[in-house]
Amino acid sequence: MPTGAPVKAGGAEARATEPRPRVLVVDDEPAFAEAVAELLEGSGFDAHSCSDPEEALRRTGAEQFEVALLDLGMPRMDGFELAERVRELSPTTQVIILTGRDDVEAARGGLHVGAYDFLMKSSFNAAAIEGTVRAAAEKSRTERAQAELARKVGEANRLMAALHGLGATDREPLDTKVVLERLVVAAKALAGAEVGRALLFAPTHNEEGLVVEEAVGDGAEPLRGGRLGPSEGIAAFAAMVGEGVTLARATDHPRYSHRCDEVTARDR
């Protein structure tokens, strides 16, 4: 190739930039499972093997695999039962059944448990397994992306529903208390919070502190009309800097005020 000639990224180069598809091979014959995993490793997969179905379930629950190759004829738990349980734990994991039974019933059984495909051990070859596993991995990633998109759409719908009642479409002007009440309801829904409240601050006459002009929400009534010093209150600090403050415990903040920031809740 001439020096300086442009190099185009082909399929292999493009795949090299992506995380390797993770594959779990399960067979009660450890040597066979290891051999298949090594074959897949050489083809660019992140392959792992085990010979115990229970271990396979533990790993499926704790790790993320795009593809699981499962032997059909295992003691204690056959490939069909294992496939069902794997799919329950990880719905986007694509299952490929490995079988020595060269008959239609094996294929039907695999389809019944949601298997992506089945491969005959009697006609096993590297090209067949690599192509099938790679296609299954692509399907897994597509399904995972679709599930994530559905989750985001659902979250967006939830946020829209929470904001719907804030009064943007009301024809008549709303008084401050009504707006704050709606704000509390929406904020609790958005955050999934057990309790919430909204405070409206104004500077004191000497402008050295703040007065709570309005307070609505959980436990807010006693705060109305209260006065805070210039360095008192997390809520006042958040209002002053215009940014949210997130804490595991409110008492950890240097501006914590028992009068202003105390919230009683079962789930802090």
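The values are calculated or read from the model by the stated rules, or taken from the named source; none is laboratory data. What you see is a predicted model; the values in this text were computed from it and never measured. Please note: Cβ atoms are built from the backbone with ideal geometry, for glycine as well, and neighbour counts cover all protein chains shown. Each accessible area value is taken on the protein alone, full model and side chains, heavy atoms only, with ligands, DNA and RNA left out. Shrake-Rupley method; radii C 1.70, N 1.55, O 1.52, S 1.80 Å.
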Check: To the nearest 10 Å², what's S49's accessible area with a 1.4 Å probe?
Finding: 40 Å²
Check: In a shell of Cβ-Cβ distance under 13 Å around V211, excluding V211 itself, what net charge do Lys and Arg (+1) and Asp and Glu (-1) give?
Finding: -2
Next item on the list: Run the 1.4 Å probe and let me know the accessible area of V184, rounded to the nearest 10 Å².
Entry: 10 Å²
Checklist line | Approximate spin-label separation A135-D252, in nm, with each point projected 7 Å along Cα-to-Cβ | finding: 5.1 nm
Next item on the list: Report, to the nearest whole %, how much of the accessible area of segment 186-235 belongs to carbon and sulfur atoms, 1.4 Å probe, protein only.
Entry: 53 percent
Next item on the list: Return the FRET efficiency for the residue pair E221, L149: r is the Cβ-Cβ distance, R0 is 41 Å, and the value is rounded to the nearest 0.05.
Entry: 0.40
Item checked: Ellipsoid semi-axes in whole angstrom, largest first, where each is sqrt(5λ) of the Cα gyration tensor of segment 24-84 -> 18, 14, 9
Item checked: Residue-span extension gain [E38 to V178] - 0.36 nm each, minus C-alpha spacing -> 43.8 nm
Margin query: Checking the cross-link filter: which aspartates and glutamates have an alpha carbon closer than 16 Å to that of K177, excluding same-chain neighbours under 8 positions apart?
Written below: E213, E214, D218, E221
Item checked: Additional length obtainable on full extension of the chain from R259 to D52, 0.36 nm per residue less Cα span -> 68.6 nm
